[in-house]
Amino acid sequence: MALSMSGEAFVIFFLARAARRNFRQYSPDKSWDRALLYIMIGCGVLLSLEVTLPFGHKLVWLWHASMAVAVYCMLTMPRFQPLRTLVYAVLPFVILTTVEDIMEFAAPAFKKNTETYFGIVYTVAITWMVTLVIRSGKQNKALEKEREKAREEQQRARFMEAQKDELERIVVERTAEITQQKNELENALLELQAAQTQLIHSEKMASLGELTAGIAHEIQNPLNFVNNFSEVNNELLDEMESEIKSGNLEEAFDIAKSIRENGSKIIHHGRRADGIVKGMLQHSRASSGLKEPTDINSLADEYIRLSYHGLRAKDKSFNANIKTTFDEKIGKIMVIPQDIGRAFLNLFTNAFYAVADKKKDSGEDYHPTVEVTTMKKDDTVVIKVHDNGNGISERALDKIFQPFFTTKPTGQGTGLGLSLSYEIITQGHDGKIEVNTREGEFAEFIVTLSAVYNK
Amino acid sequence: MNVLVVDDEKDMETLFQQRFRKEIRDNKIQFFFANSGEEALFYLEKHNHEAVLILSDINMPGISGLQLLQTIKKRYENPPPIVMMITAYGDDENYKQAMSLGADDFLTKPIDFSILREKLNAKING
């Protein structure tokens, strides 16, 4: 009896406490918290009443009733589902005490005889209870660990999610940045391309400017011949008429021969002027980009004269010896004449500039000389431009074909001449351009073009 | 009178021969031609005893007309040959330089042959 009384009080107290702890830990729902607390307090109060009051043992039925309600509630209400193991643990004990009390009330004699068995059954029930409670505790701990793990997992997942979001944000940001940079670079590139076109045009115009004086001089000479021979022919015609009138036919025939000779000279010089003007137009015109059969020798000859007279017109004291050695076997090879002409012009102008520069610091014994040699060599045509100027320094040698590199004083060179020549020869014509030089002595540019003939 | 014409344009020879055909026919002037300064000096070395009037272009490859003038005036003092300069660049600079080097006359291209004829005739008669 005493066992059942205090036992059930403790069991209810223990269940209420366990439920309260469980709810507190895992459920945000606080609705049962207070009620369970009251139940615990009620247990304490009731237990002390039972112990102190003389009719205390009568309360045993109240305990049984409470216990029955508690067990029923805990087995049926879904909220108490996690505590079911505990209910199973206490259930045999609860039933046993109830049965014992009923028997004591209904058949005290029988109860007395079976006291020993009850003791054994009690031992089993309590052992069962203790075992299950311990197991439940272990299970709870394992569960708790599991939950902890899940929580950690969740936390980590949340962290990862946050990180992923951050990364995505950064990616979007960077993408925007890169896109902007790309647009800026594209714009810059377009501007640079426009600037390059402009610069190439300026360079062309600058070299045309250099040429103008040379061209004027070159045209003047043939024009003088055309005028002079025409005048002479008029005089000769007068003479021929008078010779015919006086019957000197032989004389007249001689004069006619001279007239014819002069006529062909007029045609020759007229064509010469024509060729120069055409060359000038070709130079100023945008390159046709078309390869056509071109006489490399006459192109070189024409441009070296233009270059020479161009410099001569700018610098009155300038003079140089021009030596040309042309290989007549070359014939007409397929090149873009305007482009190759420009490349030649740059090489010649540089050569003349170099000898003029050296002349300034040299005495009478120095003879400025620019030599052009053409040569047919297997399937190639080699054009050598040699000058006995100051040569190219080791330091400058690496850079001479770079755009904007110039050794001329500021404002005198665009620095594009050689780089354009290089481009024309290597990219435009699949050719080669090489340099030999000794500082203070000479510079030699060797252009090699493939000898392609028109079929 | 012997006249040496120095010019890198080869057709100058034909032109002078036609322009001065009367003078040549009448044996008043005999023309010699050199295509460069070097050739001119070579000619002068061979014929330095002959009285010579030299007509030289200034702008030529190799030895320029001005260098030729300087050399001639230095080398042939007795009697100094008459040197007339002819150039397409009739600028002050060229003129002053030619005169300071002792040029006897300075003509610009295109050559006015009637003026040249007068000048040559004046030399022959004077």
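Read-outs: derived from the displayed coordinates by stated rules, not from any lab. Since we're looking at a predicted model, the values are computed, not measured. Heads up, the Cβs are rebuilt from the backbone with ideal geometry, glycines too, and the neighbour counts pull from every protein chain shown.
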Report the FRET efficiency, 1/(1 + (r/R0)^6), for A:Ala216 and A:Lys360, where r is their Cβ-Cβ distance and R0 is 25 Å, rounded to 0.05. 0.50
Mean per-residue count of partner chain Cβ within 10 Å for B:12-20 equals 4
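Based on DSSP H assignment, which helices of chain A show an axial Cα extent of at least 18 Å together with a mean Kyte-Doolittle hydropathy greater than or equal to 0.0?
Numbers: long enough: A:2-26 (36 Å, 0.26); A:33-52 (29 Å, 1.37); A:60-76 (24 Å, 1.42); A:84-106 (32 Å, 1.23); A:115-245 (184 Å, -0.55); A:249-284 (52 Å, -0.53); A:296-314 (27 Å, -0.38); A:337-360 (34 Å, -0.24).
What comes out of the filter, once short or polar helices are dropped, is A:2-26, A:33-52, A:60-76, A:84-106.
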Suppose we keep just the DSSP beta bridges with both residues in the protein assembly as shown; what percent of those would be antiparallel, to 5? 55 percent
Taking every residue of B:86-97, the Cβ atoms of other protein chains inside 10 Å of its Cβ average out to 2
Rounded to the nearest 20 debye, dipole of segment A:8-133 from Cβ charges on Lys, Arg, Asp, Glu: 500 debye
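Just counting partner chain Cβ atoms within 10 Å, what average do the residues of peptide B:109-116 show around their Cβ?
Average neighbour count from other chains, rounded to a whole number: 2.
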Just in segment B:19-112: which GluC sites (Glu not before Pro) are loop by DSSP and have at most 10 other Cβ atoms within 10 Å? B:Glu77
Listing A:Tyr122, A:Tyr88, A:Tyr26 by rising number of other beta-carbon atoms within 10 angstrom, fewest first, gives A:Tyr26, A:Tyr88, A:Tyr122
Filter the GluC sites (Glu not before Pro) in segment A:229-269 to those in DSSP coil with at most 10 other Cβ atoms within 10 Å of their Cβ, and list the result. none
